[in-house]
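Below is one structure; the comments refer to it alone.
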Amino acid sequence: MHRFIIGGNNKTISSFLKEKIPENFQFEYLPDNEKLLEQAEETFPDGIILAFTRPGWNDLQFIRSLFNLKKVPATLILSDYLTTAQAVSCLRLGAVDCLNGKPEIEIILKVLNRIVKHNSSIPPVFSSRDDKIFIHGKSNKTIKMLNAAQNFSSFDFPVLITGETGSGKELAARVIHAAGKRSAWPFTAVNCAALPDELIVSELFGTSRGAYTGSLERGGLFEKTSGGTLFLDEIGELSSRNQSVLLRAIENNEIRRLGSAAYKKVNIRIIAATNRNLKSQIHAGKFRKDLYYRLNFLSISISPLRERKEDIMPLAVHFLKKLRPEQKYIINNEAEEKLLKYSWPGNVRELQSVILKSTFSTYTQIISPADIVFE
């Protein structure tokens, strides 16, 4: 039996669902918001359905309170009328889906089955046919991040991923792509900090013959990624001029090759990432406010590894199996304690490096504290 709590001001939805949804789903209507919050925290149902005729300010504040709980059940929002801004806000807070108008019962059931299926797969270990994608961990912060990434995969809105260097921002972007409808098309990652300022436009948008001496007709990454996802890493490093050009391309879904007067339509999803505080960059005049709000429709914040200690050992074991599959290494208790006490300023990337070096340091298959060396 799958138990769902129903809240909101639409009093007819409970009887409607009980009549239409199979008997293995149990629905309990709780119109009292405080009682709903208590039930969500104490009994932790399979999911929550919030049904509104037309959500007002108090309803949106309640949704915010729900997602402030330490552990939030998967939540579906139904509304007779929901603005785009309200829907985006709910998704950013963590809603599994927002269904507007009067959705067919088959669509509602599909979402409920997705929630039930997801609940049976926790703790998450995301994997796909792409061997570049792996997320191992059991901390609440990793679970929350993975839930958000998989939820956002259903939509085409831009996503902004923030986090320290080496924390796994590109992996989160790859999860969004791999779990979504664009997975059959390219995923292209570009590091904005690694490209010279004068080459970024030609790299992203391409060049036309004669744009400069020796230039050929060549498509850029926007065209080559058609249908797929373009991941712009270190977006905070773009110059003001290139930010302006990128903003136009994202707003109009069209690009112009360097040296050409013609515009071309493109069909890609943008995911951007940064280790900088873009709001501080905006106040300092170094980042465009309009580009920030265009990129930050949906957002994911990845916590540093030192704040999710529960993930260290699952990741360490994974790296041993992935990087040295020919040997069966074991990390002894003292070495594990050393790994857990370290602050990991280089995050997951540093952990991978330390684990790999430890396998070359040991003369046996037992990794001891002496084999764990931090820079």
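The numbers here are math on the coordinates, done by the rules we state, and not lab data. Since we're looking at a predicted model, the values are computed, not measured. Ideal geometry is used to build each Cβ from the backbone, glycine not excepted, and the neighbour counts take in all protein chains shown.
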Computed FRET value (nearest 0.05) for LYS35 with GLU337, which takes r as the C-beta separation and R₀ as 41 Å:
0.40
Using the Cα centre of the chain as the reference point, and only Cβ charges (+1 on K/R, -1 on D/E), how large is the resulting charge dipole? Debye, rounded to the nearest 20.
700
If you take Cα Rg over 2.2 N^0.38 Å from the coordinates, which of [x] 0.95; [y] 1.13; [z] 1.05 do you get?
[y]
Taking the beta-carbon count within 10 Å as an exposure proxy, list TRP344, TRP185, TRP57 from fewest neighbours to most.
TRP57, TRP185, TRP344
When the Karplus curve 6.51 cos²θ - 1.76 cosθ + 1.60 is applied with θ = phi - 60°, which whole-Hz ³J(HN,Hα) does each residue of the range 97-103 get, with x for Gly and Pro?
6, 10, 10, 9, x, 10, x
How do 270-278, 105-113 rank on mean C-beta neighbours within 10 Å, highest first?
270-278, 105-113
Among the aspartates and glutamates, which have Cα under 15 Å from the Cα of LYS321 when same-chain residues fewer than 8 positions away are ignored?
ASP131
Relative contact order of the range 286-375, defined on C-alpha pairs under 8 angstrom at six or more residues apart (%):
31
Could you list SER89, SER202 in order of exposure, starting from the residue whose Cβ has the fewest other Cβ atoms within 10 Å?
SER89, SER202
Students often check this: by mean Cβ neighbours within 10 Å, which of 162-169, 345-352 ranks highest, and how do the rest follow?
162-169, 345-352
Using amide H atoms built in the peptide plane, which far-off residues or other-chain residues are under 5 Å from ARG324 H to H?
none
Exceeding 19 Å between C-alpha atoms, which entries from my cross-link table qualify? They are LYS141/LYS169; LYS11/LYS117; LYS117/LYS309; LYS11/LYS110; LYS11/LYS102; LYS141/LYS309.
LYS11/LYS117; LYS117/LYS309; LYS11/LYS110
How about LYS224: which lysines have a C-alpha closer than 16 Å to its C-alpha, ignoring those fewer than 8 places off in the same chain?
LYS264, LYS265
Length-normalised contact order of the range 2-119 in % [C-alpha pairs under 8 Å, at least 6 apart]
25
Please order THR53, THR142, THR43 by the number of other Cβ within 10 Å, starting at the fewest.
THR43, THR53, THR142
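Hey, what does the equivalent ellipsoid look like for the range 208-319, semi-axes from the Cα gyration tensor as sqrt of 5 times each eigenvalue, largest first, whole Å? Kindly include the intermediate steps, with their values, before the conclusion.
Numbers: eigenvalues 216, 73, 36 Å².
Values for the range 208-319, descending: 33, 19, 13 Å.
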